[in-house]
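What follows is a set of notes on a single structure, which appears directly below.
Taken together, the values in this text are just the output of simple stated rules run on the coordinates, not laboratory data. Note that this is a predicted model, so its numbers are computed, not measured.
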Amino acid sequence: MHLAGQPAAVTLRMPTMSCFQYWPAWGGGPEAAVRGFRAEGEAGNPGFSAAVATLRRDFLAIDDDGPIRAPEFVREFVSSPEQVRQDVATVAKYLLGD
């Protein structure tokens, strides 16, 4: 997944789940990340519809595959897997504007 809005020098390509590790460190904070994600859609990024479909299918509820697996990717940074699951679902909702 391409992290929208990041300068070319720090563009990252990674599995969708890994993006959530970098969410707190995003330049400009979460609001900038959401704006950048939505700007990709407005700019006609050909991968945007697939990203939206993946978020809708796998990330919106805490019992979806994305939130269930998310704690595996950030376990060294968090003490509550349940909080990670909730945060991942909340991030997906913000990205989608739900």
**Asked** Stretch T90-N45 to full length: gain in nm at 0.36 nm per residue minus the Cα-Cα span?
**Response** 13.9 nm
**Fill in**
Applied in sequence order to region 57-67, the curve 6.51 cos²θ - 1.76 cosθ + 1.60 (Karplus, θ = phi - 60°) yields integer Hz couplings, x standing for Gly and Pro, of 6, 10, 10, 6, 10, 5, 9, 6, 4, x, x
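Report the extension gain between E72 and A32 in nm, rounded to one decimal, defined as 0.36 nm multiplied by the number of residues separating them, less their alpha carbon distance.
Values: separation 40, 0.36 × 40 = 14.40 nm, distance 2.55 nm.
Separation in residues times 0.36 nm, less the Cα-Cα distance, equals 11.8 nm.
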